[in-house]
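Quick note: the coordinates plus some simple rules give every number you see, no bench work behind them. These figures come from a predicted structure and were not determined experimentally. Backbone-built Cβ (ideal geometry, glycine too); neighbour counts: all protein chains shown.
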Amino acid sequence: MVSARFALVATLMAAACAPVSEQAPVAASDEGIKGALFVAGKFGNTLSKVNLATGKQVALVDSCANPHELAPSPDNRHVALACYGGTTVDIFRTDDLSKVKSIELGENARPHGIVWHRNGHLYSTAEGRQSMFWIRDPLGEGKALEYPTRRQGSHMLAVSPDATNAWTMDLGSGTVTRVDLVLGRTPISQAIGEEPEGIALSPDGETLWVSARGSDMAYALDPQSLEKIKDVPVGDFPLRIVVRPQGDYAVTSDLADGALSVIDTATGARVRTIPVSSREEAEAKIQVTILFSPDGKRIYVAETAASTIAEVDFASGEVLRRLPGHGGGDGIAIIE
């Protein structure tokens, strides 16, 4: 098992230097699908837009070095991109992907996790600075306030509904950290599992879910104390975790299985597994980021090395189609 993990990680890193393929989408099974999917191509340094009604890529632009996570604005008119290979958060229009702003976070920032909060402000990790940023009025003054986490690899990010607290997953330190955004109190950190990376907050802000890829576990935590509430065994190498908008299920992206583990948030039990690809295909596809549609009916799965985004019907577990994920799609965002 350990050697298999190292092989998968090595494959993921090597894929950054390898050409990526394009796969034409099949016809949608539901003509009612609408909206657009945005894809950060971390190997091609691109940002693309896919029309969800047709399944076709309709726009493609150069972005920044090694772009990762994406976040749409509350009004869906813009999307923010974390430039992991650089020092900025860049903002693009969702209609034509024209860049309207680049917000500088400082030397060696390496922003990764990003949230565009319903309050209109942006929040981003800065892995290279062991910190996170609160970017006020991003389309206006864009003032960036830095909050040190003092932890290595502050990678993924969640923000409370009232924007009083934020949480980072610190891959290098093996911790989850709570940052007080209002009172500025010293952050608190808690070691959790082996190689924790994924993070998601329940819609009501009452439960923090994290996944630890080295432990094959998901954990429910008290957001304030960071004490564990539930331990949930999941699939192999759970790189990401998301919570359904309805709050009833959490889902992990199990990279080594090419599958999704579905957790009942009320009971803390893994209730089913959704195969997206076979275990034999998993190493070639490198399944990373996952994202629910706003209505919770579909889940989108970035197959980074294959440059595809799998669209999955959540109720049935059926893979409906594979959409273009140009340039090694990793970060994804959706608007309706």
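Okay, here's what the table says:
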{"item": "Relative contact order of region 63-191, pairs being alpha-carbon contacts under 8 Å that are 6 or more residues apart, as %", "result": "14 percent"}
{"item": "By average C-beta atoms within 10 angstrom, highest first, the peptides 251-259, 47-55", "result": "251-259, 47-55"}
{"item": "Hull volume in cubic angstrom per residue (convex hull over the Cα atoms of region 63-191)", "result": "87 Å³"}
{"item": "Karplus-derived HN-Hα couplings along region 237-245 (A = 6.51, B = -1.76, C = 1.60, θ = phi - 60°), whole Hz, x at Gly and Pro", "result": "6, x, 6, 9, 9, 9, 10, 4, x"}
{"item": "Cα-Cα over 27 Å, subset of Lys56/Lys99; Lys34/Lys99; Lys99/Lys143; Lys49/Lys297", "result": "none"}
{"item": "Alpha-carbon centroids, region 96-134 and region 291-310: separation in whole Å", "result": "23 Å"}
{"item": "J(HN,Hα) series, region 171-180, from Karplus relation 6.51 cos²θ - 1.76 cosθ + 1.60, nearest Hz, glycine and proline x", "result": "4, x, 8, x, 10, 10, 10, 9, 10, 7"}
{"item": "Stretchable slack from Gln224 to Val61, in nm (0.36 nm times residue separation minus alpha-carbon distance)", "result": "54.6 nm"}
{"item": "Candidates Leu291, Leu183, Leu323, ranked by Gaussian network fluctuation over the chain, Cα under 10 Å, top entry", "result": "Leu183"}
{"item": "Gained length - Ala53 relative to Asp95, 0.36 nm times residue gap less alpha-carbon distance", "result": "13.6 nm"}
{"item": "From phi via Karplus (6.51, -1.76, 1.60), per-residue ³J(HN,Hα) for region 98-105 in Hz, x at Gly/Pro", "result": "6, 7, 10, 7, 9, 9, 7, 10"}
{"item": "Amide H within-cut-off set for Lys230, under 5 Å, with H built and near neighbours excluded", "result": "Ala220"}
{"item": "Amide hydrogen neighbours beyond the local backbone of Ile199, cut-off 5 Å, H modeled", "result": "Ser211, Ile241"}
